[in-house]
Amino acid sequence: DQLSQEQLDFTVATGKWSAGEVLDHLLLAEKLNRDQIAELIELKNAGQNPVVRRSFSDLNVSVAYIPKSLLPLFELPFTLVNVFVPARIREYMTRNRLIPAQSPDIATPKKGRVAAELREDLARSFQETENLLNANADLDYSTMSVQHPLMGTNDVPGLLGFMAAHEQRHQTQINNIMSCPQFPRPHRSGNGGPHVEL
């Protein structure tokens, strides 16, 4: 809430995301996951099997510098490995930036988003996710799942857990940006008190 436009746009190095870009990425990722939950709800309400299967062509998230163009070659190996990797391990790896990751193209953020609009969109996105779940509170979300070669199989509670771990990962990234010695400091007003642009 208290970061200025200058602070939101600051990057530690060329090619690295700013805090504003990280937040925009979180917005896009939340929309992606909310849309998947909405699709599962539609399937469930229509009496169909509430399972959504995604491939790397749908969601080309990558790890460990694997080029996205090569992801289709890894679809089967990742799928088999994820059968044996517990969800808690996947969440741990997501939360703690131990393995470098490449976001899917659909979650690539925009540079220089206006601070006020970014804040409004973040609040609205959270509310939309909450409204979606509250409007369908009678459903058994543990019977609805999304499958992906890299992300594994997640029911809706598991997907929400992944979303939380993903946000924690990027909160750490934002904190690292803000702790950089070159990070712009708040301007001082004439009376000596802090002045933060909103």
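The values are calculated or read from the model by the stated rules, or taken from the named source; none is laboratory data. Given the structure is predicted, the values throughout are model-derived calculations rather than measurements. Positions of Cβ are generated from backbone atoms using ideal geometry, with glycine treated the same way; all protein chains shown enter the neighbour counts. The protein model used for the area step is the full one, side chains on, heavy atoms only, and it has no ligands, DNA or RNA in it. Shrake-Rupley method; radii C 1.70, N 1.55, O 1.52, S 1.80 Å.
Only helices reaching 24 angstrom along their own axis (Cα) with mean Kyte-Doolittle hydropathy no lower than -0.5 count here, and for the DSSP H runs of the chain these are 19-45, 156-178. Ordered from largest to smallest accessible area (heavy atoms of protein chains, 1.4 Å probe), the residues V12, V51, V22 come out as V12, V51, V22.
By the Stokes-Einstein formula, at 1.002 mPa s and 20 °C, the chain with its Kirkwood radius over alpha-carbon pairs has D equal to 116 µm²/s.
Remark: the chain carries 58 Å² of accessible area per residue (probe radius 1.4 Å; ligands, DNA and RNA excluded). Selection among Y141, F84, S55 by position relative to the dipole of the chain gives F84 as farthest towards the positive end (Cβ unit charges, Cα centre). Which shape class, rounded, prolate or oblate, goes with the range 1-79 when its Cα gyration tensor gives a ≥ b ≥ c as root eigenvalues, a/c under 1.5 marks rounded, and past that a/b bigger than b/c marks prolate? Because a/c hits 1.5 or more and a/b fails to exceed b/c, the range 1-79 counts as oblate. Peptides 106-118, 143-155, ordered by how many other C-beta atoms sit within 10 Å of their residues on average, highest first, read 143-155, 106-118. Apolar share of the accessible surface for the range 1-145: 57 percent from carbon plus sulfur atoms, 1.4 Å probe.
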